[in-house]
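Q: Structure in structure tokens, see below.
The values are calculated or read from the model by the stated rules, or taken from the named source; none is laboratory data. Computed from a prediction, not measured in an experiment: that's the story for all the values here. Note that each Cβ is placed from the backbone with ideal geometry, even for glycine, and that neighbours are counted across all protein chains shown. What goes into the accessible areas is simple: the full protein's heavy atoms, side chains included, and nothing from ligands, DNA or RNA. Shrake-Rupley method; radii C 1.70, N 1.55, O 1.52, S 1.80 Å.
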Amino acid sequence: MSISPGIQIAETPGPVTTSTRAATTIGDGGRLGRRAGRAKGRAGRFGLNVFALLVIVCSVFPVYWMVNMSFTPPNQIISRNPSFLPFDFTFKNYVTAWTREAAPGQTDFPHALASSLTVALAVVVVGALIAFLASIAIARFAFRGRVVFIVSVLVVQMVPGEAMMFTIYNMVDDWRLMNTLVGLFIVHLAAVVPFTIWTLRGFVRGVPAELEEAAQIDGCTKAQAFWKVTFPLLAPGLVATGIFAFIQSWNEFLMALLLLKGYNLTLPPWLNSFQSATEATNWGAVMAGSTLITLPVVIFFLFVQRRMVGGLVSGAVKG
């Protein structure tokens, strides 16, 4: 039977086999599984974001409430319905905190601020220098007693300062450094240096020694290779440990309260005396003093943050 050439016969699809149906089912199931996985991933990320937001709010709210109360009149602070915004804005709390003595015969805020800055900055400079040299020694050189020294640094960090309180008091008293900033500086330095050494050791070990060798091949001396190649890479570590040392010395309360009195008080014990000087505590002035104490730490961090980023960038090796 002949078919005319102008007529085209469409091909009918073959029969659908069991394997074809199975492949189609598996493909649809895989797509559904991937969609379900992506949906679970989005839900998990959303839950983590909500949890992180709650943590941030719980961390920031006490600081916000402290600042809010520092601008609120004292008669409204003790109200049963405190305001979340200082509508009756006032600077009297800051004037009181700045000018009034903590107690009769004790220091005021400017003198306590100068004492805290003196001790904290000295701890940062001297502590960074000692820890920097010690970390290079234990990270780059093999010497007898190296492991014992590293273990000793860790053990010292595990001992709480309160356990050595009376021993430290007797030592400082024997050195005739009671009620002096030098005595408090030595105590803070001893507390900060072990952790600073351990932290900087990690930064030093993270910088390959081959970089210095390559610089020496290019014509640098050993000292030039260290200061031009290795030191810029260690600058972020120095800044990070400097921030830690500054904050730890700035916020230290127990030893400062134990070793200092009168006009040599640093800011944490000054705030304690300021709060307990009278029976009716001026909470507005206390909150203003607390806000003033936190400002130098924030300013210090903002100042060194750029140096930290600059250290990361300046350590790049150019080809």
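Q: Cβ contacts < 8 Å: first residue in the same structural domain as PRO110 (by TED's automatic domain parsing), restricted to the range 247-265; second residue among the acidic types (Asp, Glu) and open to solvent by 10 Å² or more (accessible area, probe 1.4 Å), any location; separation 6+ or different chain. Result?
A: LEU254/GLU162
Q: Answer yes if at least one residue in the range 163-184 is in contact with an Asp or Glu (Cβ under 8 Å, 6 or more places away or on another chain) and either assigned by TED's automatic domain parsing to the domain that holds VAL286 or at positive phi (or both), and no otherwise.
A: No, every residue in the range 163-184 fails to be in contact with an Asp or Glu (Cβ under 8 Å, 6 or more places away or on another chain) and either assigned by TED's automatic domain parsing to the domain that holds VAL286 or at positive phi (or both).
Q: Any residue in the range 151-162 that is without any contact (Cβ under 8 Å) to a residue 40 or more places away in the chain, within 18 Å of MET255 (Cα to Cα), in the same structural domain as TRP283 (by TED's automatic domain parsing) and part of a loop (DSSP other than H, G, I, E, B)?
A: The answer is yes, given that some residue of the range 151-162 is without any contact (Cβ under 8 Å) to a residue 40 or more places away in the chain, within 18 Å of MET255 (Cα to Cα), in the same structural domain as TRP283 (by TED's automatic domain parsing) and part of a loop (DSSP other than H, G, I, E, B).
Q: Residues that are in contact (Cβ under 8 Å) with a residue 60 or more places away in the chain, surrounded by 14 or more Cβ atoms within 10 Å (Cβ to Cβ) and outside any helix (DSSP H, G or I): does the range 93-100 have at least one?
A: So far as the range 93-100 goes, yes, one or more of its residues are in contact (Cβ under 8 Å) with a residue 60 or more places away in the chain, surrounded by 14 or more Cβ atoms within 10 Å (Cβ to Cβ) and outside any helix (DSSP H, G or I).
Q: So the check is Cβ under 6 Å with 6+ separation or different chains; which pairs have a first residue in the range 200-227 that's at negative phi and a second one that's open to solvent by 60 Å² or more (accessible area, probe 1.4 Å)?
A: Sorted first by the residue in the range 200-227, then by its partner, the pairs are ALA225/GLN216.
Q: Do we find that VAL207 is modelled with pLDDT under 85 and exposed (fewer than 14 other Cβ atoms within 10 Å of the Cβ) in this structure?
A: In short, no.
Q: Now for a different question. Given the criteria charged (D, E, K, R) and modelled with pLDDT of 85 or more, does ASP218 qualify?
A: It is false that ASP218 is charged (D, E, K, R) and modelled with pLDDT of 85 or more.
Q: Moving on to the next point. Which of the residues belonging to the range 76-92 are among the β-branched types (Val, Ile, Thr) and either open to solvent by less than 80 Å² (accessible area, probe 1.4 Å) or in contact with a Gly (Cβ under 7 Å, 6 or more places away or on another chain) (or both)?
A: ILE77, THR90
Q: So SER59 clears everything in (1) under 19 Å from PRO296 (Cβ atoms); (2) part of a helix (DSSP H, G or I); (3) among the hydroxyl-bearing types (Ser, Thr, Tyr) except one condition, right? Which one?
A: So SER59 meets the others, but not (1).
Q: Regarding ASP88, is this residue acidic (Asp, Glu) and either in a helix (DSSP H, G or I) or touching a Phe, Trp or Tyr at 6+ places or on another chain (Cβ under 7 Å) (or both)?
A: It is false that ASP88 is acidic (Asp, Glu) and either in a helix (DSSP H, G or I) or touching a Phe, Trp or Tyr at 6+ places or on another chain (Cβ under 7 Å) (or both).
Q: Since LEU258 meets every condition but one in (1) among the hydrophobic types (A, V, I, L, M, F, W, C); (2) assigned to a helix (DSSP H, G or I); (3) at pLDDT below 90; (4) surrounded by fewer than 19 Cβ atoms within 10 Å (Cβ to Cβ), which condition does it not meet?
A: (3)
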